[in-house]
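Report on one structure; see the data block that follows.
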Amino acid sequence: MIIILLGVSGCGKTTIGKLLSQKVSIPFFDGDDFHPKSNIDKMAKGISLNDEDRLPWLLTLAKNIEIWAGGNGAILACSALKETYRTLLTSKFSNVVWVHLSGSQDLIKDRIEKRSEHFMATDLLASQFNDLEAPDYGIHMDISESPEKITDNIISKLKNMNQSFFGVIGLGVMGSSLSLNIAEKGYAVSVYNRIAPEEEHKVTDFLSKVDEGKQVKGFTELKAFVNSLERPRKILIMIKAGYAIDSLIETLVPLLSEGDILIDGGNSHYLDTNKRFKYLKDKQIHFIGCGVSGGEEGARKGPSIMPGGDKASYEIVAPVLEAIAAKDKNGNTCCIHVGAEGAGHFVKMVHNGIEYAEMQLLAEIYALLAMTKDNEEIAAILSDWHTTDLSSYLLEITIHILKTKENGKYVLDTILDKAGNKGTGSWSTKAAFDLGTVNTMMSSAVFARYISSFKEKRKQLSKLIEKDLKAVDPINVNSLKEAYRFARIINHYQGFELMRSASKTYNWHLNISEIARIWTNGCIIRSKFMEQSVEVFKKYESYLDNPDIFELLVATEKEIRMNIAYSLFHRVPFDAFWSAYNHWIAITTENLPANLIQAQRDYFGAHTYQKVDAQEDQFFHTNWY
Ligand code: NAP
């Protein structure tokens, strides 16, 4: 344990420090013994030290604190009047208990005048009081009591005061589960939730779920929560994304200190994260935009974690994040520093985009199979696929959903066909527009959800459509399986290309293979194919550069075509599959009709065009009229 007794000269730091040392058996050190001679000479002559004089002294102490912390601990008497000095003192080791010895200037002056051996001229006291920035954290002791009494009071406060290593704001689905996960890994955690109407008991309810022996403290008052954290404070924010985050940051900033670290673990937009990162950097507060995937269960047992921001601040929170994250098949943590600024939230957004399209592919398969098969039969088909390379978490839960009954009825059959969304799918699509890449599968999945929401309109119009479209052909399940594999590859191709493009544009140096690796467990899109992808990206930039994958797509192209035809014939919306196939045809077609687009653009807007037989940097215009 490192205890630093701070306060102006003459407040009794040495006396109390030595007494405390005897009582708690932690070695005592006097900070003044570490001053360089030049400082001692200056002080003896009655000249105040300036910050330049103090810097080497504070850095020497910081180094020693680090050494003492690794040994028997220390009780250090050190004036540490200003916050910047305290920050320097804790620059190597932050888990420090501060004890501020405070008293009136008259009392201290009186004491100094009685101490002939003290090398400090009493008239420097006033300037020390001027410099003093009393901390609003740690233990505060009034020195008017006897040294014995003060020491006993410190000991009793020390017993009550063990600060938490980590803080979590927001005890919703994710925040609660992550807090339990962090506590389970042995970290002392403070948790905070605002008091919203009818939610007064949220914190106490949460605390009642915490296992005995775990170090978890609950707060509904933000300042007390912040003060309960050791420094630099490490605070994970798990609240609703958007304005609530900005508003919380505004409230938090005055309570924080330089070097503290805020981690936004919600689904924030990466451009918002970029802005918040810069805003907080100006205030010397580190900001980590952190994607978290895995839902409630993942958060509790091990999510996939995608933090972005400064590598140095990541290193400080890494022990916690890496401990709570899922582990890949080799036992490595599914958490890496993804890249600078908003890189973590960008990668999480793409994860969700891929997830949207994966879910839509399964929904379209379900629609096609449901024409001729019941839930159990569909579940049996998908269970068979799940034993192959098509195995995935989403396939697994789909099988489970298909078989689940409540009161003798399949739950699935009772659910209204209106899909919700929280925006991350459309963000991916917008990002693809901004970056000039293709992610038609994600956008088709987003639009499929939008169309589903027009239930009333669909109901009304469906009555006007011929109803005798009964399935006539037996569906070829093996062919559908091949088409599914084909479409999943294109979906992943689109998602990973989007990340590659962002990496280049924003200079993020994303390690694509490592991103695939942290998605092999804990997250919603974990799958056998993701495991294969880790290896693919160790060798190739893109899926289509891998000859095995390319040949597989060539070989199974006819299967996706057949299933699209089947969906057309039976009037089943099948847009995610269509999008996959269209992208494949276009990317493998040498001549597209974009020459006509260029001619039209030049015709009405004089936008110019390049020619098939000219240099790439040559542009032409035709006088069309
Ligand atoms: P949740 O269960 O709805 O909980 C939301 C939390 O945010 C609650 O603690 C709530 O406090 C707090 N909150 C809401 N508005 C607030 C405001 N204006 N100011 C302060 N606090 C506010 O949400 P969740 O599922 O835990 O999700 C939290 C974040 O993680 C979101 O960004 C979400 O998109 C993301 N995420 C969720 C999942 C998932 O599977 N659920 C997965 C990955 C990421 P009250 O209780 O007082 O309202």
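Summary of computed values
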item: Peptides 426-436, 492-502, 237-247 ordered by average Cβ neighbours within 10 Å, highest first; result: 492-502, 426-436, 237-247
item: Helical segments meeting 30 Å axial Cα length and Kyte-Doolittle -0.5 threshold in the chain (DSSP H); result: 343-369, 547-569
item: Computed lengthening from Asn421 to Lys149, 0.36 nm per intervening residue step minus Cα-Cα distance; result: 91.8 nm
item: Long-range amide H partners of Ile263 with built H, under 5 Å; result: Ile235, Leu236, Ile237, Ile288
item: Distance between modelled label sites at Ser208 and Gln22, nm, 7 Å Cα→Cβ extension; result: 4.9
item: Carbon and sulfur %, accessible surface of segment 532-625 computed with the full protein complex present, 1.4 Å; result: 56
item: Pair Glu406, His607: separation of 7 Å Cα→Cβ label points (nm); result: 5.1
item: Cα gyration tensor, segment 39-154 - rounded (a/c under 1.5), prolate or oblate; result: oblate
item: Added length on full extension, which subtracts the Cα-Cα distance from 0.36 nm per residue, Glu466 to Tyr450; result: 3.4 nm
item: Accessible area expressed per residue, the chain, with surrounding protein chains retained (probe 1.4 Å, Å²); result: 48
item: Packing rank of 596-604, 102-110, where each peptide gets the mean count of other beta carbons within 10 Å, highest leading; result: 102-110, 596-604
item: Percent carbon-and-sulfur accessible area, segment 145-184, ignoring ligands, DNA and RNA, probe 1.4 Å; result: 53
item: Pair Ala312, Ile597: separation of 7 Å Cα→Cβ label points (nm); result: 4.6
item: Modelled FRET efficiency - R0 35 Å, Ala586 with Lys459, Cβ distances, 0.05 increments; result: 0.50
item: Counted charge near Ser428, where neighbours are those whose Cβ lies closer than 11 Å (Asp, Glu -1; Lys, Arg +1); result: 0
item: Given charges at Cβ of Lys, Arg, Asp, Glu: the chain dipole, positive-most of His386, Phe496, Thr622; result: His386
item: Integer Hz, Karplus 6.51/-1.76/1.60 couplings in order for segment 137-143, x for Gly and Pro; result: 10, x, 9, 10, 10, 7, 8
item: Dipole of segment 167-319 [Lys/Arg +1, Asp/Glu -1 at C-beta], most positive-end residue of Leu180, Gly265, Val210; result: Gly265
item: Cβ crowding within 10 Å averaged over residues, with 512-522, 192-202, 551-561, 267-277 ranked highest first; result: 512-522, 267-277, 551-561, 192-202
item: Under 30 Å, Cα to Cα: Lys pairs in segment 296-423, sequence gap 8 or more or different chains; result: 28
item: Dipole magnitude of segment 8-127, debye to nearest 20 (Cβ charges: Lys/Arg +1, Asp/Glu -1, about Cα centre); result: 260
item: Tensor-based shape of segment 131-279 (alpha-carbon gyration tensor, a/c under 1.5 rounded, otherwise prolate or oblate); result: oblate
item: Sequence-distant residues sharing a close amide H with Ser190 (under 5 Å, placed H); result: Phe166, Gly167, Val168, Lys217
item: Mean residue ellipticity (222 nm) of the chain, computed from DSSP H runs ≥ 4 via -39,500 (n - 2.57), nearest 500; result: -16500 deg cm²/dmol
item: Under-5 Å amide H pairs with Phe28, H placed in peptide plane, nonlocal only; result: Ile75
item: Separation between Cα centres of segment 488-536 and segment 44-66, rounded to whole Å; result: 50
item: Assigned charges on the beta-carbon of Lys, Arg, Asp, Glu; the chain dipole about Cα centre (debye); result: 680
item: Accessible area of segment 375-470 belonging to carbon and sulfur atoms, whole % at 1.4 Å probe; result: 59
item: Estimated FRET transfer efficiency when R0 is 60 angstrom, pair Met562-Asn130 (beta carbons, to 0.05); result: 0.10
item: Linear extension gain, His201 paired with Ser104, 0.36 nm per residue minus alpha-carbon span; result: 30.7 nm
item: Shape of the chain, Cα gyration tensor, a/c cut at 1.5; result: prolate
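The values are calculated or read from the model by the stated rules, or taken from the named source; none is laboratory data. These numbers were taken from a predicted model, which means no experiment stands behind them. No Cβ is skipped: glycine too gets one built from the backbone with ideal geometry, and neighbour counts run over all protein chains shown. These accessible areas exclude ligands, DNA and RNA; they are computed on the full protein's heavy atoms, side chains included. Shrake-Rupley method; radii C 1.70, N 1.55, O 1.52, S 1.80 Å.
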